[in-house]
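Peer 1: Pasting in a structure now, in structure tokens, and then I'll have a few things to ask.
The values are calculated or read from the model by the stated rules, or taken from the named source; none is laboratory data. Here the structure is a predicted model, which is why all the values come from computation and not from measurement. Cβ placement follows ideal geometry from the backbone for every residue including glycine, while neighbour counts extend to all protein chains displayed. The accessibility values were calculated without ligands, DNA or RNA, using every heavy atom of the protein model including side chains. Shrake-Rupley method; radii C 1.70, N 1.55, O 1.52, S 1.80 Å.
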Amino acid sequence: RAGELIYSGRGVTVFRMPGPGEQPKRQVVRAEPQVDAAPYHPGLLEPLDPTFEHTIDADSRWKPGLTSHPGLVVGSDTAGYPPASEGRGALHINLPGPSDERMGNIAVASFPKATVQVSPGSKYIFSYDLLCAGLIDSPLVNLHFTGPGETELSETRVLSGTVCDTRWRRLRARVTVPEGATGLYPEFGLSFSGDFSYARYVELDRLGLELVKP
């Protein structure tokens, strides 16, 4: 049975196992480094600007529909570390310091306008390029599954164990769409463990979502 993630950080991961007949609200999958030279395929995310080459304005699918902490800044970074793709854009998620009062909290940005249609019970490969700076724990990557009427059904946490050393890494994870779910949208962010006297941030590029064929 799949467990529900309760806590992950400082080398410890805690799961809660569901009782008989109980469906967990949160699944957990592990993202593995993609080390081969396989070509990049955005898959279902292709119409959503998955390489972030356009301005993130009010009409953008990547304008956050929900943030969990006031002050979280989301935009297309073209002036910081070079993006992973050949273009100039990357999704930049930042919460400026100083932030000592935020210890023990998390900050995430959800993107419901970037929802794509998925098939219940099907398996997909979710892939992404990730760069982060100054974080004690790996960035938060969550996939939200919705049902009819955009009802929230469940969430999948993508754990990567990525070291935040300002280097781009390509990661991929296999996810299974729960029964009854017809939509999927991502959520990205960071947790506040350690010294946050300065701004900490996450950058993402070249998102992909591909159906695993039987």
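Peer 1: Does the range 62-80 hold any residues that are in a loop (DSSP other than H, G, I, E, B) and either closer than 25 Å to residue 105 by Cβ or at pLDDT 95 or above (or both), and which are they?
Peer 2: 62, 63, 64, 65, 68, 69, 70, 71, 72, 77, 80
Peer 1: Inspect all residues belonging to the range 57-71 and state whether any of them is among the acidic types (Asp, Glu) and surrounded by 15 or more Cβ atoms within 10 Å (Cβ to Cβ).
Peer 2: no
Peer 1: Can you pull out the strands (runs of 3 or more DSSP E) entirely within the range 130-209 that have at least 2 residues that are within 20 Å of residue 72 (Cβ to Cβ) and open to solvent by less than 10 Å² (accessible area, probe 1.4 Å)?
Peer 2: Of the strands (runs of 3 or more DSSP E) lying wholly inside the range 130-209, those with at least 2 residues that are within 20 Å of residue 72 (Cβ to Cβ) and open to solvent by less than 10 Å² (accessible area, probe 1.4 Å) span 140-146, 183-191.
Peer 1: Considering each of 151, 156, 162, 146 in turn, give the residue that is touching a Leu at 6+ places or on another chain (Cβ under 7 Å) and at pLDDT below 95.
Peer 2: Just a single option satisfies the conditions, and that option is 162.
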